[in-house]
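Below is one structure; the comments refer to it alone.
The values are calculated or read from the model by the stated rules, or taken from the named source; none is laboratory data. All values reported here derive from a predicted model rather than from experimental measurement. Every residue, glycine as well, gets a Cβ built from its backbone with ideal geometry; the counts of neighbours run over all protein chains shown. In case anyone asks, the SASA skips ligands and DNA or RNA and just uses the protein heavy atoms, side chains included. Shrake-Rupley method; radii C 1.70, N 1.55, O 1.52, S 1.80 Å.
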Amino acid sequence: MNERDLTSPANTTDPAATSMKKTSRTRTGMAFLGIAGLLTLAACGSDGGGGAAEETGAQETSAAASSASSEPVATATVQNAEGEDLGTVEFSPAEDDDQAMVVSAELSGLEPGYYGFHVHANGVCEAESSAPDDPSETGAFLSAGGHLGGDDARHPEHAGDLPALLVMESGEAKQTFQTDRLTTENLMDDNGSALMIHSGPDNYANIPERYAATGPDEDTQSTGDAGSRLACGVIE
């Protein structure tokens, strides 16, 4: 027996087995690299999401602070003659103009259409009352007197003349506008003031000559022919 015959079979190296072992180790290493990469991306995504959330939170906080910086100086809770609440109208200083007042109305329970919308000169809303300047005249909310600034100008140049209120088919009215005719002083003077919704639209004393050759009459120049008083709210 020669030396070649005495060599142990266990010491013989199989090339195919060696190749398979190398391939297995390579795949295992690639799998670990893939998992590590996914974990890294997940961590980055988590950090990015947190940053976005923090930024969004900061923006919301900033917006809330901006909104809170213009608190209403007065509010009218509006009721009809039956005492039913229709909503509120708020008066706030304009942030972009220190000479203007922002008027924000949120109302409901009204028939669709346009309504005369004014501030009246007395802060008294009595459903059945007399006009301050003529006790013999009685009716709904006459206690609120005439338009704010009615002694100083003709309609629609009164301080209390506002844009028409538009009620949607849902019965709701939401509108916001600015006016430089209202101030804290004239809203909250000794007589107070009241927000009034009339039963009809305001013509703003716009009467063409083909209808009235001599122009609008006294009533039109005082009230805009907006009809009776439908709802009222003391501004306070």
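Is it true that some residue in region 91-100 is touching a Phe, Trp or Tyr at 6+ places or on another chain (Cβ under 9 Å), closer than 26 Å to ASP190 by Cα and open to solvent by less than 30 Å² (accessible area, probe 1.4 Å)? Let's see the steps before the verdict.
Step one: list which residues in region 91-100 are touching a Phe, Trp or Tyr at 6+ places or on another chain (Cβ under 9 Å), which gives none.
No - not one qualifying residue is present in region 91-100.
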Looking only at residues that are open to solvent by 30 Å² or more (accessible area, probe 1.4 Å) and not in a loop (DSSP other than H, G, I, E, B) in region 103-127, which one is nearest to THR179 (Cα to Cα)? SER104
Condition first: modelled with pLDDT of 95 or more and over 30 Å from ASP97 (Cβ atoms). Now tell me which residues in region 182-209 satisfy that. SER199, GLY200
Return the pair list, or none, for Cβ contacts closer than 6 Å from residues in region 80-105 that are closer than 16 Å to GLU236 by Cβ and modelled with pLDDT of 95 or more to residues that are open to solvent by less than 40 Å² (accessible area, probe 1.4 Å) and in a loop (DSSP other than H, G, I, E, B), at least 6 apart or on different chains. SER92/SER70; MET101/LEU182
Test ALA213 against the criterion of being open to solvent by 80 Å² or more (accessible area, probe 1.4 Å) and among the small types (Gly, Ala, Ser), and give yes or no. yes
Inside region 136-169, can you point out the residues that are open to solvent by 80 Å² or more (accessible area, probe 1.4 Å) and either assigned to a loop (DSSP other than H, G, I, E, B) or touching a helix residue (DSSP H, G or I) at 6+ places or on another chain (Cβ under 7 Å) (or both)? ASP151, ASP152, ARG154, GLU157, MET168, GLU169
Does SER130 fit the bill of being polar (S, T, N, Q), part of a loop (DSSP other than H, G, I, E, B) and over 22 Å from ILE207 (Cβ atoms)? no
For region 216-236, how many residues are in a loop (DSSP other than H, G, I, E, B) and either open to solvent by 30 Å² or more (accessible area, probe 1.4 Å) or without any contact (Cβ under 8 Å) to a residue 60 or more places away in the chain (or both)? 6
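Taking region 70-108, which residues are of a type in the set (A, V, I, L, M) and in contact with a Gly (Cβ under 6 Å, 6 or more places away or on another chain)?
If the condition is that a residue be of a type in the set (A, V, I, L, M) and in contact with a Gly (Cβ under 6 Å, 6 or more places away or on another chain), then ALA76, VAL78, LEU86, LEU107 are the ones that fit.
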Positions within region 182-214 being within 20 Å of ASP151 (Cα to Cα), part of a loop (DSSP other than H, G, I, E, B) and without any contact (Cβ under 8 Å) to a residue 60 or more places away in the chain, in sequence order: ASP189, ASP190, ASN203, TYR204, ALA205, ASN206
Looking only at residues that are in contact with a strand residue (DSSP E or B) (Cβ under 6 Å, 6 or more places away or on another chain) and open to solvent by 70 Å² or more (accessible area, probe 1.4 Å) in region 170-181, which one is farthest from ALA100 (Cα to Cα)? LYS174
